[in-house]
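The values are calculated or read from the model by the stated rules, or taken from the named source; none is laboratory data. Quick caveat: nothing in here was measured; it's all calculated off a predicted structure. In this analysis, Cβ positions are derived from the backbone assuming ideal geometry, glycine residues included, and neighbour counts consider all displayed protein chains. SASA here: full protein model, heavy atoms, side chains in, ligands and nucleic acids out. Shrake-Rupley method; radii C 1.70, N 1.55, O 1.52, S 1.80 Å.
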Amino acid sequence: MIQEKVEQKLREALAPAHLEVVNESFMHKVPKGAETHFKVVVVSERFEGLSSVKRHQLVYGVLADEMKTKPGIHALAITSRTPAEWAASPEANVSPKCQNAR
């Protein structure tokens with residue numbers, strides 16, 4: 001299962017204080033049971049001092065294999081925060097709406 005692999009890899013690489021991995025594939029025009037569209041919320045000290053672009057690059061790097069393989073991750077919405085940022089604002093970014101939604 002891709003979702004479980006994503007959770008495992010992010011836990012191992014980033015030692016998150018908080019992690020959410022949500023399969024949002026049902027919101028898109030994909031086959032039932034697909035695992036192609038995900039939202040991840042990662043709170044990690046590893047993000048300290050990094051720009052949001054660098055944080056996202058770090059997450060994409062961890063999940064590179066899942067992004068390349070077919071079927072694999074087609075879309076990834078990322079909320080990346082430090083523990084202090086999450087404590088100040090514990091809300092994830094809202095995933096964009098799909099133009100071809102069901």
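Residue by residue, here is whether (1) of a type in the set (S, T, N, Q); (2) closer than 19 Å to PRO90 by Cα; (3) modelled with pLDDT of 95 or more; (4) part of a loop (DSSP other than H, G, I, E, B) holds:
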position	(1), (2), (3), (4)
PRO31	no, no, no, yes
ALA34	no, no, no, yes
LYS39	no, yes, no, no
VAL53	no, no, yes, no
LEU58	no, no, yes, no
If you go through region 61-93 one residue at a time, how many are open to solvent by 40 Å² or more (accessible area, probe 1.4 Å) and of a type in the set (S, T, N, Q)?
-> 3
Among (1) over 20 Å from ALA15 (Cβ atoms); (2) open to solvent by less than 30 Å² (accessible area, probe 1.4 Å), where does VAL53 come up short?
-> (2)
Open to solvent by 40 Å² or more (accessible area, probe 1.4 Å) and either modelled with pLDDT of 75 or more or closer than 19 Å to GLU85 by Cβ (or both): does that describe VAL22?
-> yes
